[in-house]
Amino acid sequence: MKTPLRPNRPQGFSTRAIHLGYDPASAMGALTPPIYMTSTFAFETAEAGSEMFRGERAGYIYGRTRNPGQTILEERMASLEGGEAGMAAGSGMAAISATMMTLLSAGDVAVIDHTIYGNTYAYFTQALPRFGIIVKVVDFCDAEALAGALKDGARVVFFETPANPNLRVIDIAAVSALARAAGAQVVVDNTFATPVLQRPLEQGADIVVHSATKYLGGHGDILGGIVVGRAEDLGRIRSTGLRWMTGATLSPFNVFLLMRGLKTLELRMERHCASALAVARLLEGHRKVASVAYPGLESFPQHDLARRQMALPGGLVSFELDGGLDSGVDFMNRLALVTRAVSLGDTETLVQHPASMTHAVVSPEDRAKNGITDGLLRLSVGLETTDDILADIEQALDAL
Ligand SMILES: Cc1ncc(COP(=O)(O)O)c(C=O)c1O
């Protein structure tokens with residue numbers, strides 16, 4: 001690591017995202033860390049290999065558990081989230097499942113918020129119960145309901161904020177305090193906010209998970225996942241969840257792309273948020289729009305909480321049109337620049353219909369209970385010129 005210019009001042013977010021954990025002198029002066037495209041690592045002697053396996057000597061053994069590029073990425077993400085240690089995984093679902101398979105055993109209780117990404121919801125409500133894990137689904141905005149669910153003890157509390165797809169905001173500090181009192185570990189999916197906008201560990205959470213496929217990667221060209229938390233927890237998640245149970249490692253090439261994405265994360269988030277606010281205001285003022293959910297709008301029911309908890313309101317906007325689903329489908333098909341695709345956080349502006357796409361795996365009854373209406377559309381506002389995004393949305397609305 002290069003010596004900081006001002007040793008008494010902590011380095012800023014983007015400086016750490018660009019430099020932390022790497023010294024070009026360690027790799028023949030290469031400005032960016034090399035891609036260590038190797039599955040295994042040579043031991044200097046047989047004894048050295050055995051010592052590494054026993055944990056008595058530092059070093060790399062085999063690519064499923066660790067790779068030098070991954071180490072740099074993990075140190076950067078740990079620092080950006082304000083945690084002791086990080087772990088990269090092959091996708092967001094890999095990060096979540098490696099974490100849960102480490103923390104939970106048969107008979108344990110997990111309490112989850114009722115609005116989360118469809119496949120995470122299916123993982124908790126359909127997959128984990130097959131292994132004897134009891135999953136309680138609660139509205140985390142309702143403190144009494146949450147306290148009731150925690151009453152008989154729980155091992156894990158899990159939520160997203162802002163939540164996919166309707167952007168409900170959960171009070172991280174309040175939920176963490178309740179969970180802590182009940183002896184549960186708090187795991188927050190910080191995919192929508194990223195550590196630029198919010199750092200859950202500083203507000204009482206124990207572990208942060210990410211789909212790095214989204215803003216962290218930022219260019220729609222990789223799948224990846226990240227876990228950050230205490231060194232002790234991360235050591236267990238790596239040796240159990242990653243090494244034995246999922247084997248879902250991030251490839252060295254995707255480590256490289258993810259680190260490239262991180263370098264511009266702060267800059268990109270500022271632009272995503274500024275354009276999303278402009279889109280939200282356009283939608284709110286349009287006569288064919290029935291409702292808009294964006295944490296940065298004064299009309300958003302949890303606007304005050306969002307302002308308290310987030311540095312900026314995020315790059316996603318959800319809304320419903322007059323005429324519900326039929327108008328929504330018509331609107332999506334009339335878009336020329338905005339791309340019809342799931343995922344989010346990319347340079348391209350993307351639109352999708354949660355009820356038939358990202359949340360199709362959730363039953364219609366659960367969607368109705370969880371505030372995922374059939375007419376809801378979700379926009380991930382990209383990095384194109386803001387006026388071009390606005391013009392495309394406006395022409396599609398006007399043509400309805
Ligand atoms: C909030 C959130 N968490 C986790 C995931 C899963 O991530 P991945 O697709 O990288 O497995 C997604 C995917 O859309 C998501 O939106």
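Only the coordinates and a few stated rules stand behind these numbers; no lab work does. In this text the structure is predicted, and so the values were computed from the model without any measurement. Cβ: placed from backbone, ideal geometry, glycine included. Neighbour counts: every protein chain shown.
Within the shell of other residues whose beta carbon sits under 13 angstrom from the beta carbon of Ala248, the net charge comes to +3, with Lys and Arg scored +1 and Asp and Glu -1. Taking the Cα atoms of the chain, the ratio Rg/Rh between the radius of gyration and the Kirkwood radius comes to 0.98.
For the stretch 265-398, the relative contact order is 28 percent, taking Cα pairs closer than 8 Å that sit 6 or more residues apart in sequence and dividing their mean separation by the residue count.
Full extension of the chain between Asn333 and Thr40 yields a length gain of 100.7 nm, computed as 0.36 nm times the residue separation minus the alpha carbon distance. Averaging Cα coordinates gives a centre for the stretch 352-397 and one for the stretch 40-54; these two points are 51 Å apart. Against the main long axis of the alpha-carbon atoms of the chain, helix 252-263 sits at an angle near 60°. Here each label is just a point 7 Å from Cα along the line to Cβ, and for Ile134 and Lys369 those points are 1.7 nm apart. At 20 °C and 1.002 mPa s, grab the translational diffusion coefficient of the stretch 185-319 from Stokes-Einstein with a Kirkwood Rh over Cα pairs, rounded to a whole number in µm² per second. Using the Kirkwood radius from Cα pairs, D works out to 130 µm²/s. Entry note, the chain: the mean residue ellipticity at 222 nm calculated from DSSP H runs of n ≥ 4, each adding -39500 (n - 2.57), is -10500 deg cm²/dmol after division by the residues and rounding to the nearest 500. Under a Gaussian network description of the chain, with springs only between Cα atoms under 10 Å, the residue in Pro364, Pro162, Pro200 that fluctuates furthest is Pro364.
For the stretch 8-49, the residues whose backbone nitrogen is under 14 Å from a point 7 Å from the Cα of Arg57, taken along Cα to Cβ, are 41-49. For the chain, with a Gaussian network of springs between Cα atoms less than 10 Å apart, report the residue from Arg243, Arg76, Arg54 with the top mean-square fluctuation. Result for the chain, Cα springs under 10 Å: Arg54 fluctuates most. Between the stretch 177-239 and the stretch 62-89, what is the C-alpha centre distance in whole Å? When both Cα centres are located, 12 Å separates them. How charged is the neighbourhood of Arg57? Take every other residue with its Cβ under 12 Å from the Cβ of Arg57, and add Lys/Arg as +1 and Asp/Glu as -1. Summing Lys/Arg as +1 and Asp/Glu as -1 gives -3. Taking only alpha carbon atoms, the stretch 147-248 gives an Rg to Rh ratio of 0.99, where Rh is the Kirkwood radius. For the Cα trace of the stretch 269-400, dividing Rg by the Kirkwood Rh returns an Rg/Rh value of 0.94.
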